[in-house]
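Okay, so here's the structure we're looking at.
The values are calculated or read from the model by the stated rules, or taken from the named source; none is laboratory data. These figures come from a predicted structure and were not determined experimentally. Backbone-built Cβ (ideal geometry, glycine too); neighbour counts: all protein chains shown.
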Amino acid sequence: MAQAEQKLLFESGNEMAAYAAKQINYHVMGYYPITPSTQIAEYLDQMGADGEHTVALIPAEGEHSAAGICYGASAGGGRVFNATSANGLLYALEQLPVQSGTRLPMVLNIACRTVSGPLSIKGDHSDVMYTLNTGWVILFADSPQEVYDINICALKIAEQLRLPVILAFDGFFTSHQKCNSYVFADDETVREFIGPCSGNYGILDTEHPVTIGSYMNEPDLMNNKYQLHLAMERARTLIPDVFREYEQLSGRSLEILKSYRTEDAEVLLFVLGSAYRTAKSAVDRLRSSGKRVGVFTLGILRPFPSEEIAHLCKNAHTVLIADRQDSYGAGGGNMSLEIRAALQQKGLTPRVLSRIYGLGGRDFYEKDAISLLETCYEENPPVFDYIGVYPGDAEVASNPYFKPITESDASGIISCSEENGKVTVKGGNIRDTTARPKRLAPGHSACPGCGIPVNVNLLLRGIEGNVVLLFQTGCGMVVTTGYPKTAFRVPYVHNLFQNGAATLAGLAKMYHQRQERGEMPAGQITFIMVSGDGGMDIGMGSAIGTALRGDPLILFEYDNGGYMNTGYQLSYSTPIGAKSATSHIGSKQWGKTFFHKDMPHIMAATGMPYVATAAESDPSDFIKKAAKAQYYAKNYGTAYIKCLSACPLNWGDKPNTERKVISAAVDCCYFPLYEIERGCTSLSYDPEQRGKKIPVEDWLKMMGRTKHLCEEKYDEIRDAIRQEIDLRWRRLKAQANHPEL
């Protein structure tokens, strides 16, 4: 096979993954944004907007659903692609054995990242190791070039084995760092190498119906898993064959085990991923001083290359295995455990040491690799240890940055009373509530003009007494809790996007249980979940469950119209037509293609006692609705408030104009102000009655993300937006005019 024509690019690992996916021209990509893998979908969307491929990108509301999209699409017999990281991978983990157990091929890229908590978005290998027992072939790339090359090979391997394939690489180190890399000049070269899509496993053949995912008892299940085992064993010979074929086409060799200066090495260091290149420099440095050292890494984790590892290590007296994750309590990370087992299986007895390094994206330098290799020349080094940790000081006092807010500090300004099924708020005007100390203190690191602290503080102005806050992951959480500091003067807890409401429900129940048992003093705490940045997409199920149970808490959503904490990808609350990192503008695309989600009415459909919308453009209304929400949470069950929250960085406007932008969203009825109290709707503000209603175009043109919609070529789309907003407004007015709606 002759080498094909190629061209040189200067790209990152994420860009190379997207480029390979574009050249393959997958049928479907189901995805959900998560750092650091998000850029893969972003780059692919941009190329799609420019007409460079026809991949259908489907934005899920969470990684679990993204995995389901991919499973369903692969059941249809086409080619399927996905990318994820860290906790997103773990959220999808349940789906991975389903994909392999039903033998449906696809390719999943994992930009490896720390699994929280505590939350960290930096790179290590603690996520991919969870996949070792899922039945997927697992390949590993240590450079952007390999990300491209192995992505192309991965699909061919997947389809020939009828197994799904993971390609993992280091988050940020490989995913974001750019280097010179070669790609095939013609997309058809890639498609010819992989071959035609057979689709023999499709469920869409109605003339030959099949059942996928049957219920099985033993011994059928035993045989199913044995067949999966046989396919994985076949991979041991197929993968090298595909790699050799690819080398003939590209001139680049891919290996299941890579080593450097190991032929006569008495000491061997194992590292996985991008650290391999750093360790090679350390080997050269120590070789120059006469020490016979070498380093090796793996290009494949499943099937595990035990034979090759044993052969490489047979003459070494010490093997040090450095893991970028820990299998806690096992005396080493997963690679330590598996390499030890491989050596023991072959009767080899070198001294094996294990070290944990680089967690949370901690850099790995040449001096670190030298230190690891020199450890192997010590007489009695510890068998297992962490490197790079620092001692704590148990005597250091934990001094708060701010004086805590007591119940008396935050009481006595607002009161609520109930009459004829309606709650009336007394007090709560803007002037009086300025005396209430801020639970969210100044000193956070939010962008200028960010609406999150504005809206959170407006909400908390209306809340009397003690408060416990829960923030889901998002900008609001990240900019206020950078360890070891916090911007909160009240108790605070964080949990992930998909589980905030359930977490707070458990905390509230524990509080009341301990009070009932006499373990805590009598009193009242208002529990408030703060969600945004798409948190009511991935977290909607948890929020609905909380509302249906009627747990005594407030759900507060700051709707900034996108997944802002990962760089502004579209969310289900993003306006239709808006430009984002996953809804680009191009010859084939004009922004987000579907209308924004009506979350208040979704929550109202649970039968919860209080639902409201609020806006910083009407702070008095905002504060009184917060007070009502507290009353209902205390006396009747879950309450929900949603506000529109400005994001100048991603909306494409200016920080000093945000209140005007929010006001325009209200006046054009994109974001109407109303409340649904015990099932009955009332308008808080009617721009038509006040003569302030404006065309939606006046709002769209105020933001860079939507101003393109005011161009003549988008007249049809703009008309559809206007019609939908007007329809929702008419329905809302009809509800408000009906005594039972």
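Observations
- Residues satisfying the criterion are absent from the stretch 359-366 (criterion: buried (at least 17 other Cβ atoms within 10 Å of the Cβ), touching a Pro at 6+ places or on another chain (Cβ under 8 Å) and within 30 Å of His176 (Cα to Cα)).
- Any hit, the stretch 656-673, residues being within 25 Å of Asn455 (Cβ to Cβ), aliphatic (A, V, I, L, M) and free of Cβ contacts under 8 Å to residues at least 40 places away in the same chain: yes
- Candidates Glu255, Glu233, Glu247: the one that is surrounded by 12 or more Cβ atoms within 10 Å (Cβ to Cβ) and either aliphatic (A, V, I, L, M) or part of a helix (DSSP H, G or I) (or both) is Glu247.
- Evaluation of Ala322 against (1) free of Cβ contacts under 8 Å to residues at least 40 places away in the same chain; (2) outside any helix (DSSP H, G or I) (one fails), failing number: (1)
Yes/no matrix, rows are residues, columns are (1) of a type in the set (Asp, Glu); (2) over 25 Å from His125 (Cα atoms):
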{"position": "Ser336", "(1), (2)": "no, no"}
{"position": "Leu348", "(1), (2)": "no, yes"}
{"position": "Thr375", "(1), (2)": "no, no"}
{"position": "Lys403", "(1), (2)": "no, yes"}
{"position": "Glu407", "(1), (2)": "yes, yes"}
{"position": "Thr424", "(1), (2)": "no, yes"}
{"position": "Arg431", "(1), (2)": "no, yes"}
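- Of the helices (runs of 4 or more DSSP H) lying entirely inside the stretch 599-677, those containing at least 1 residues that are within 27 Å of Ser417 (Cβ to Cβ) span 599-604, 619-635.
- Listed by first and then second residue, the pairs linking a residue in the stretch 620-631 that is farther than 17 Å from Met603 by Cβ and buried (at least 24 other Cβ atoms within 10 Å of the Cβ) to a residue that is polar (S, T, N, Q) and at pLDDT below 95, with Cβ atoms under 7 Å apart and 6 or more places separating them unless they lie on different chains, are Ile623/Thr433.
- Condition broken by Thr574, with the remaining ones in (1) in contact with a strand residue (DSSP E or B) (Cβ under 7 Å, 6 or more places away or on another chain); (2) outside any strand (DSSP E or B); (3) polar (S, T, N, Q); (4) in contact (Cβ under 8 Å) with a residue 40 or more places away in the chain satisfied: (4)
- A count restricted to the stretch 171-229 and to residues that are hydroxyl-bearing (Ser, Thr, Tyr) and either touching a Cys at 6+ places or on another chain (Cβ under 8 Å) or modelled with pLDDT of 90 or more (or both) stands at 6.
- Residue match in the stretch 437-448 (condition: in a helix (DSSP H, G or I), crowded, with 21+ Cβ neighbours inside 10 Å and within 37 Å of the chain's Cα centre (by Cα)): no
- Number of positions in the stretch 107-142 that are under 30 Å from Tyr483 (Cα atoms), in contact with a strand residue (DSSP E or B) (Cβ under 7 Å, 6 or more places away or on another chain) and assigned to a loop (DSSP other than H, G, I, E, B): 5
- Looking only at residues in the stretch 311-349 that are over 24 Å from Leu139 (Cα atoms) and crowded, with 19+ Cβ neighbours inside 10 Å, the one that is farthest from the chain's Cα centre (by Cα) is Ala316.
So that you can scan it fast, the table gives a plain yes or no per residue for (1) at pLDDT 95 or above; (2) part of a strand (DSSP E or B); (3) outside the structural domain of Cys475 (by TED's automatic domain parsing):
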position: Met1; (1), (2), (3): no, no, yes
position: Phe10; (1), (2), (3): yes, yes, yes
position: Glu15; (1), (2), (3): yes, no, yes
position: Ala20; (1), (2), (3): yes, no, yes
position: Ala41; (1), (2), (3): yes, no, yes
position: Met47; (1), (2), (3): yes, no, yes
position: Ser65; (1), (2), (3): yes, no, yes
position: Gly68; (1), (2), (3): yes, no, yes
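- Among residues of the stretch 143-192, those that are in a helix (DSSP H, G or I) and among the hydrophobic types (A, V, I, L, M, F, W, C), counted: 10
- Residues of the stretch 104-126 satisfying the condition of being within 16 Å of Asn14 (Cβ to Cβ) and crowded, with 24+ Cβ neighbours inside 10 Å: Val107, Leu108, Asn109, Ile110, Ala111, Cys112, Arg113, Gly123
- Flag for Glu697 being at pLDDT 95 or above and crowded, with 16+ Cβ neighbours inside 10 Å: yes
- Some residue of the stretch 423-431 being surrounded by 13 or more Cβ atoms within 10 Å (Cβ to Cβ) and touching a Leu at 6+ places or on another chain (Cβ under 9 Å): no
- Here Ala341 meets the list (1) in a helix (DSSP H, G or I); (2) in contact (Cβ under 8 Å) with a residue 24 or more places away in the chain; (3) touching a strand residue (DSSP E or B) at 6+ places or on another chain (Cβ under 8 Å) almost entirely, failing just condition (3).
- Scanning the stretch 279-300 for residues that are within 22 Å of Asp149 (Cα to Cα) and assigned to a helix (DSSP H, G or I) yields one hit, Lys280.
Conditions (1) out of contact with any Asp or Glu (no Cβ under 8 Å at 6 or more places or on another chain); (2) under 26 Å from Leu90 (Cα atoms); (3) of a type in the set (A, V, I, L, M), marked per residue:
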position: His512; (1), (2), (3): yes, no, no
position: Arg517; (1), (2), (3): yes, no, no
position: Gly523; (1), (2), (3): no, no, no
position: Ile528; (1), (2), (3): yes, no, yes
position: Gly535; (1), (2), (3): no, yes, no
position: Thr546; (1), (2), (3): yes, yes, no
position: Gly550; (1), (2), (3): yes, no, no
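- Considering each residue of the stretch 444-452 in turn, at least one proves to be in the same structural domain as Phe497 (by TED's automatic domain parsing), touching a strand residue (DSSP E or B) at 6+ places or on another chain (Cβ under 6 Å) and in contact (Cβ under 8 Å) with a residue 60 or more places away in the chain.
- Subset tally (residues that are touching a Phe, Trp or Tyr at 6+ places or on another chain (Cβ under 7 Å) and in contact (Cβ under 8 Å) with a residue 60 or more places away in the chain) for the stretch 507-527: 1
- Any hit, the stretch 583-597, residues being closer than 26 Å to His64 by Cβ, among the basic types (Lys, Arg) and out of contact with any Leu (no Cβ under 9 Å at 6 or more places or on another chain): yes
- Any pair with Cβ under 6 angstrom, 6 or more apart, that starts in the stretch 718-741 at a residue that is of a type outside the set (Lys, Arg) and ends at one that is part of a loop (DSSP other than H, G, I, E, B): Ile721/Ile576; Glu724/Phe595; Ile725/Cys669; Ile725/Tyr670; Trp729/Cys669; Leu732/Pro672; Gln735/Leu741
- Against the test of being surrounded by fewer than 22 Cβ atoms within 10 Å (Cβ to Cβ), over 30 Å from Asn429 (Cβ atoms) and in contact with a Pro (Cβ under 9 Å, 6 or more places away or on another chain), the options Gly567, Gly545, Gly586 yield a single qualifying residue, Gly567.
- For the stretch 301-319, the set of residues classified as over 21 Å from Arg277 (Cβ atoms), assigned to a strand (DSSP E or B) and not basic (Lys, Arg) consists of Thr318 only.
- Within the span defined as the stretch 92-106, every residue fails to be among the small types (Gly, Ala, Ser), assigned to a loop (DSSP other than H, G, I, E, B) and in the same structural domain as Ile239 (by TED's automatic domain parsing).
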